Amino acid sequence: MTVPQIYMDYNATTPLNDAVKAAMIEDFAVYGNASSMHAAGREAHGRVEAARRAVADLIGGAPGEVVFTSGGSESNNTVFQTMRILASGPDGRALSAGRREFIISAIEHPCVLNSAAFLQSLGFTVTTLPVDPFGKIALEDLRSALSDRTLLVSVMMANNEIGTIQDIPAIARLSKEAGAWIHTDAVQAAGKIPLAARDLGVDYLTLSAHKLYGPKGIGALWVRSGAPLKPLIHGGHQEDGLRAGTYNNIGILGFGHAAALACSQTQAYGKTIGALRDRLRRGFEEHIPNIKINGHPQDVLPNTLNVSFPGAEGEAILLSLDLAGIAVSTGSACASGSLDPSHVLLALGVEPELAHGSIRFSLGWGLTEEHVNYVIATLPPIIARLRAMSAV
Ligand SMILES: *Cc1c(COP(=O)(O)O)cnc(C)c1O
């Protein structure tokens, strides 16, 4: 029997959508430098600007507020480095005098955690907000952490490991009242739940194409018009001087196609993928005794299911599923390779040993009920076998 290939690791990355891929293959003919004035350049420029509009439409923003980057990590780094410059440069005196404190949540993506840690190593202060057992920060904690020293609040919209969705409008309101800049990493939220950047009340919002069926190595930062941004990469005047370097035509156009598709499918995604995820959860609950679901029961991405299996080891579960043709993850792709339990699960208060026995199932387009049924049938004997082994 050939092993079916069932990919349930969409929060790590998504396959390139077939229609996006087909459009990109045609886009490879667009070789002009989008900054050139001749016809080839104008052709590339027009297409880049159409892609910018599609990305802006996905989040209800204006095209002029979208800066293309190499991905979510660069977008997040750019926000933190902008703050560093505001705090120290000449316009820092006008924009953020005396403000040298950052507030983040304990469950941010490593590119936010480590951007903050780097600034801490330079003498800035970082306050890390705890989360409750469902992964939500408490607005009271944010309120007491905010002061006239706060430069930036950065709280992700939806978590990549457990799917918990934060109350970003309330977080933004409190942050603005304190005079701080507010950023949200919406990489996991975009295309999965409705997203209106301006209504959220944030100044900066991060996107990445490869989490929404687009190509890798391309992302964007939405910068509310009026919010400051400083380039990480200096050079030519691309992106209004905010991000130098010849336009990545193929990546940008691919992002545009993926964004347009995601925009038209967000509602269907919630219904279709949400139903598959719920089916998977019910199947596990019915067929595997003593499991624990991690994440918020309601405010959660429709595609994410994080489960702890007491008495079984995460890596062993992952490898057994892999042998059966099922791809899942323990924690985040960026943290795997380290033997430390997930910082997200630890922040929820999950015991380290239980965190080690946790698996993230993240679903997406292309999966069917049959795939889900196969996983429901495959996992229970694996867990039973591993538990029996660890009991010996
Ligand atoms: C994947 C991811 C990133 C990083 O995006 P890249 O484009 O891979 O750099 C940032 N934040 C979250 C929440 C992510 O899931």
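The values are calculated or read from the model by the stated rules, or taken from the named source; none is laboratory data. Computed from a predicted structure; not experimentally measured. We place every Cβ from the backbone using ideal geometry, glycine too, and count neighbours over all the protein chains shown. Quick note on the areas: whole protein, heavy atoms, side chains included, nothing else; ligands and nucleic acids left out. Shrake-Rupley method; radii C 1.70, N 1.55, O 1.52, S 1.80 Å.
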Quote the charge dipole size of the chain about the Cα centre in Debye, to the nearest 20; the model charges only the Cβ of Lys and Arg (+1) and of Asp and Glu (-1). 480
Per residue, the convex hull enclosing the alpha carbons of the stretch 277-392 has a volume in Å³ of 111
By how many degrees, 0 to 90 and rounded to 10, does the Cα axis of helix 72-88 deviate from the longest principal axis of the chain? 50
Estimated translational D of the stretch 18-261 in µm²/s (Stokes, Kirkwood radius over Cα pairs; 4 °C; 1.567 mPa s): 71
Provide the net charge surrounding F124, with neighbours chosen by a C-beta distance below 12 Å and charges set as Lys +1, Arg +1, Asp -1, Glu -1. +3
Where the centre of each part is set by its Cα atoms, how far does the stretch 276-323 sit from the stretch 63-86, in angstrom? 34
Cα-based Rg of the stretch 160-307 normalised by 2.2 N^0.38 Å, two decimals: 1.24
What does the accessible area per residue of the chain come to in Å², with a 1.4 Å probe and no ligands, DNA or RNA counted? 41
Let me know the Rg and Dmax you get for the stretch 285-336 when you use only its Cα atoms, in Å. 12.1, 33
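If you roll a 1.4 angstrom probe over the protein chains with everything in place, what fraction of the accessible area of the stretch 1-158 belongs to carbon and sulfur, to the nearest %?
57
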Would you mind checking K192/K292; K21/K230; K21/K271; K136/K176; K136/K271; K176/K216 for any pair whose Cα atoms are more than 29 angstrom apart? K21/K230; K176/K216
Relative to the compact-globule scaling 2.2 N^0.38 Å, provide the ratio for the alpha-carbon radius of gyration of the stretch 62-159. 1.12
